[in-house]
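First the structure, in the form of structure tokens, and then the observations on it.
The values are calculated or read from the model by the stated rules, or taken from the named source; none is laboratory data. This structure is a prediction, so every number in the text was calculated from the model and none was measured. Here the Cβ is made from the backbone with ideal geometry for all residues, glycine too, and neighbour counts use every protein chain on show.
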Amino acid sequence: MPTYQERLWAPLSWAAIALGCAVLVAVSFRENLLLLAGLPALGVVALLALSRDQLRVEGGVLHVPGARAPLTAFGPAQVLDRAQLRERMGIRAHRDAWVRVKPWARAAVLLTVDDPGDDTPYWLIGTRHPMDLAVAMAQFPTRRSSETTTP
């Protein structure tokens, strides 16, 4: 059973805008009934396709669309608000970073990669609930805590 699970749905405002634009274009081609019905349906299908991604923390493994990694490969999670996310996606971005952020994301989690054999400096993952994701990840030991030795 997953410790954390989130589907990255497109906001309803995006659905309304896409549907409105599709209807406007379809109405301009009102002679063609296929376009009149098909374009709004195509807009809805496109948004559903964008919304199929899912984040999951399960069994000490982070599952992100396109990748998965054991939580021991990361340091502690850093929660980023909208301004910090924008900065990390822009001026402070690293060319080797692994980024999975949807265009509508307003918050994210930054995970520093602690694996010396990996050239990726960090993962940047957009989420609606960054604090919940960070708490779910904190339940599992990181590389730093699992490598400490007792005398």
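Within region 49-90, track down each residue that is in a helix (DSSP H, G or I) and within 15 Å of the chain's Cα centre (by Cα). Full working, then the answer.
The initial filter retains those residues of region 49-90 that are in a helix (DSSP H, G or I), namely 49-50, 71-73, 82-89.
Answer for region 49-90, where residues must be in a helix (DSSP H, G or I) and within 15 Å of the chain's Cα centre (by Cα): Ala49, Leu50, Arg82, Leu85, Arg86, Arg88, Met89.
Out of all the residues in region 99-109, is one or more crowded, with 16+ Cβ neighbours inside 10 Å and either more than 11 Å from the chain's Cα centre (by Cα) or assigned to a helix (DSSP H, G or I) (or both)?
no
Pairs please, first residue from region 14-25 and within 15 Å of Leu48 (Cβ to Cβ), second anywhere and of a type in the set (Gly, Ala, Ser) and surrounded by 16 or more Cβ atoms within 10 Å (Cβ to Cβ), Cβ atoms under 7 Å, 6+ apart in sequence or on different chains.
What qualifies is Ala18/Gly43; Leu19/Gly43; Ala22/Gly43.
Would you be able to say whether some residue in region 29-41 is under 22 Å from Arg128 (Cα atoms) and either in a loop (DSSP other than H, G, I, E, B) or modelled with pLDDT under 90 (or both)?
No, region 29-41 contains no residue that is under 22 Å from Arg128 (Cα atoms) and either in a loop (DSSP other than H, G, I, E, B) or modelled with pLDDT under 90 (or both).
Would a scan of region 73-84 turn up a residue that is modelled with pLDDT under 90, β-branched (Val, Ile, Thr) and surrounded by 13 or more Cβ atoms within 10 Å (Cβ to Cβ)?
Within region 73-84 (the criterion being modelled with pLDDT under 90, β-branched (Val, Ile, Thr) and surrounded by 13 or more Cβ atoms within 10 Å (Cβ to Cβ)), the answer is no, since none of the residues qualifies.
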